[in-house]
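Structure, as structure tokens:
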Amino acid sequence: MRTAICATYGIEMPVFAFSHSPRVVAAVSKAGGFGVLGASGMEPEELDRALQMIERECAGKPYGIDMIIPDNYVGSESGGLDLASLQKHIPQGHRDFLERLLDAYHVPQLPPTGETLTSRAGVGISLKRGSELVDIALSYPVKLIVNALGVPPAFIIEKAHRQNIRVGALVGAVKHALHQRDAGVDLIIAQGFEAGGHTGEIASMVLTPQVVDAVAPVPVLCAGGVASGRQLAAALALGAQGAWTGSIWLTTEEAETHPVAKEKFLRATSSATLRSRSSTGKPARQLRSAWTDAWEDPANPEPLPMPLQTLLSVDAKRRIEVDAAHGGEGGKQLINYFVGQSVGMLNAVRPAADVLRALNDECDATLQRIIS
Ligand SMILES: Cc1cc2nc3c(=O)[nH]c(=O)nc-3n(C[C@H](O)[C@H](O)[C@H](O)COP(=O)(O)O)c2cc1C
């Protein structure tokens with residue numbers, strides 16, 4: 001199954017796979033798709049290590065990175081505040097509320113185990129951090145740099161273009177797509193309401209054809225809800241040159257998804273998600289859990305703006321993850337993670353390459369069925 005974008009990016013199938021797990025990215029690129037590593041929330045050394053591994057595994061196959069440099073966040077006017085300054089913006093009432101919440105669910109304080117954090121919500125979201133990550137990425141033969149939540153800064157677009165690296169951006173509305181096109185972005189990812197992570201309010205079915213028409217001839221990928229070959233075929237029918245996917249990789253063998261979250265995803269229906277500000281401060285689709293319920297309750301404080309909500313919750317989320325991993329009931333009830341409405345279609349753990357092939361083969365069969 002090939003579209004024009006396959007020739008542009010040197011891939012065999014028009015499927016872009018966003019993942020925070022380097023092994024998923026490598027597996028997808030190796031198998032003929034385009035893996036994109038979610039770098040926001042990574043420390044620079046961590047990104048460097050991940051790219052070394054991907055580069056080694058991919059042996060010349062194309063891959064990219066994704067970062068989050070939002071248009072608006074607390075401290076954006078100065079390129080991002082340091083952690084100490086950000087801490088001062090967090091009201092004590094919010095800290096007390098979180099302590100009470102974790103106490104109510106009997107989530108213990110962290111043992112000094114050094115277990116790694118899997119919440120990639122990104123305390124490090126800022127222009128400064130984004131630029132550091134881009135500089136590391138540019139020292140590898142990446143083929144694409146993508147930004148979410150805003151227009152990539154001009155100097156980043158220029159740097160990438162000087163090295164013949166394309167720049168992409170996620171959008172949730174036509175007007176944002178036009179801003180991206182005008183800024184010189186090479187690939188627009190139209191992300192619908194049903195997607196996992198930060199989303200707007202327009203569904204993929206409605207958003208994609210409008211964005212395709214608005215930015216033509218700039219290529220568009222359809223993001224949000226693509227978890228099968230039939231949906232990939234639908235994305236192509238809407239005028240997209242391919243699909244940009246996230247949720248389907250969370251339950252693959254290679255994914256570093258927390259095992260309790262993975263289990264929840266495998267059992268969840270498509271009604272089990274909501275858009276909530278409770279993890280990052282901006283509306284992001286995620287699995288409903290006791291965590292999101294608590295933040296939705298009008299009796300409790302409202303989530304803080306980005307990046308304060310992440311900063312406030314990062315330790316609490318880590319405590320929850322560790323408790324859940326040790327079988328704690330409270331941790332299991334509270335734990336959640338970003339995932340889209342397609343979670344209802346994620347019913348088995350499979351290697352990423354098999355997931356990719358199944359998407360491709362079902363898309364082929366669907367297109368044959370439609371035209372015959
Ligand atoms: C766990 C998870 C984390 C995400 N984090 C980011 C991110 O850091 N940057 C980004 O551009 N998109 C992020 N997204 C959105 C994806 O890039 C993608 O657009 C979305 O998952 C597509 O919709 P789908 O989940 O229905 O496949 C995330 C999605 C998920 C599921």
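The values are calculated or read from the model by the stated rules, or taken from the named source; none is laboratory data. A quick note: this is a predicted structure, and the numbers were derived from the prediction, not measured. Cβ sites come from the backbone with ideal geometry, for glycine too, and all protein chains shown count toward neighbours. Protein only, heavy atoms only, side chains kept; ligands, DNA and RNA dropped before computing areas. Shrake-Rupley method; radii C 1.70, N 1.55, O 1.52, S 1.80 Å.
Just going by the charge dipole of the stretch 226-286, with Lys and Arg at +1 and Asp and Glu at -1 on Cβ, which of Ala255, Gly281, Ala233 is farthest out on the positive end? Positive-end residue among those listed: Gly281. Taking Cα atoms only, the orientation of helix 44-58 departs from the longest principal axis of the chain by about 40 degrees. Ranked by the mean number of other Cβ atoms within 10 Å of their residues, highest first, the peptides 3-9, 296-302 fall in the order 3-9, 296-302. Beyond 22 Å in Cα-Cα separation lie the following of the pairs Lys128/Lys159; Lys61/Lys128; Lys30/Lys317; Lys262/Lys317; Lys30/Lys143; Lys128/Lys317: Lys61/Lys128; Lys30/Lys317; Lys128/Lys317.
What is the calculated FRET efficiency for Val174 to Arg95, with r their C-beta to C-beta distance and R₀ = 45 Å, to the nearest 0.05? Kindly include the intermediate steps, with their values, before the conclusion.
Working: r = 40 Å, r/R0 = 0.89.
It comes out at approximately 0.65.
How many percent of the accessible area of the chain is carbon or sulfur, using a 1.4 Å probe? Kindly include the intermediate steps, with their values, before the conclusion.
Working: 8070 of 15210 Å².
The value for the chain is 53 percent carbon and sulfur by accessible area.
With a cut-off of 8 Å between alpha carbons and a minimum separation of six or more residues, what is the relative contact order of the stretch 211-250 in percent? Intermediate results must be reported in sequence, preceding the final value.
Numbers: 45 pairs, mean separation 16.6, N = 40.
Contact order relative to length: 42 percent.
Computed over the alpha-carbon atoms, the chain gives an Rg to Rh ratio of 0.95, Rh here being the Kirkwood radius from the mean inverse distance. From its DSSP helices (H runs of at least four residues, each -39,500 (n - 2.57)), the chain gives a residue-normalised ellipticity at 222 nm of -13000 deg cm²/dmol.
Arrange the residues His326, His106 by how much accessible surface each exposes, largest first, with a 1.4 angstrom probe. It would help to have the intermediate numbers written out before the result.
Values: His326 120, His106 155 Å².
Sorted descending by solvent-accessible area, the residues read His106, His326.
Rounded to the nearest 0.05, the FRET efficiency derived from the C-beta distance between Glu46 and Ser372 at R0 = 51 Å is 0.55. Partner lysines whose Cα lies under 22 Å from the Cα of Lys175, excluding those fewer than 8 positions away in the same chain, are identified as Lys282. Note that the stretch 1-51 presents 30 Å² accessible area per residue, ligands and nucleic acids not counted, probe 1.4 Å. Taking every C-alpha pair closer than 8 Å and separated by at least 6 residues, the mean separation divided by the residue count of the stretch 237-372 gives a relative contact order of 33 percent. Taking the Cβ of Ala27 as the center, what net charge do the other residues with Cβ under 15 Å away carry, scoring Lys and Arg +1 and Asp and Glu -1? It works out to a net charge of -1.
Counting only other residues whose beta carbon sits under 13 Å from that of Arg369, what net charge do I get with K and R as +1, D and E as -1? Intermediate values should be presented prior to the final figure.
Values: positive: Arg230; negative: Asp361, Glu362, Asp364.
With Lys, Arg at +1 and Asp, Glu at -1, the neighbours total -2.
Can you classify the stretch 1-144 as rounded, prolate or oblate using the Cα gyration tensor, where a ≥ b ≥ c are the square roots of its eigenvalues, rounded means a/c under 1.5, and otherwise it's prolate if a/b beats b/c and oblate if not? The shape class here is prolate. Using a cut-off of 15 Å between beta-carbons, work out the net charge of the residues near Asp186 (Lys and Arg +1, Asp and Glu -1, Asp186 not included). Net charge in that neighbourhood comes out at +2.
Comparing Ala243, Ala272, Ala235 in a Gaussian network model of the chain (Cα springs below 10 Å), the most mobile by mean-square fluctuation is Ala272. Working from Cα pairs under 8 Å separated by at least six residues, relative contact order for the chain is 19 percent.
The length gained on full extension between Glu302 and Thr8, counted as 0.36 nm times the residue separation minus their Cα-Cα distance, comes to 101.4 nm.
Which of these, Asp323, Asp96, Asp361, has the largest mean-square fluctuation under a Gaussian network model of the chain (Cα springs below 10 Å)? Of the options given, Asp96 has the highest mean-square fluctuation.
Quick one: if the Förster radius is 35 Å, what FRET efficiency do His106 and Asn72 give, using the C-beta to C-beta distance and rounding to 0.05? Could the numbers behind the result be given before it?
On the way: r = 37 Å, r/R0 = 1.06.
The value I calculate is 0.40.
Using 0.36 nm per residue and subtracting the Cα-Cα separation, the extra length available between Asp315 and His161 on full extension is 51.6 nm. Using the Stokes-Einstein relation with a Kirkwood hydrodynamic radius computed over Cα pairs, the translational diffusion coefficient of the stretch 251-349 at 25 °C and a viscosity of 0.890 mPa s comes to 178 µm²/s. Enter the angle in degrees (range 0 to 90, nearest 10) between the Cα long axis of helix 204-215 and the first principal axis of the Cα atoms of the chain, meaning the one along which they spread out most. Its long axis makes an angle of about 60 degrees. Computed from Cα positions, the angle between helix 92-104 and the longest principal axis of the chain comes to roughly 90 degrees.
Residue ranking by accessible heavy-atom surface, 1.4 Å probe, largest first, among Val142, Val314 comes out as Val314, Val142.
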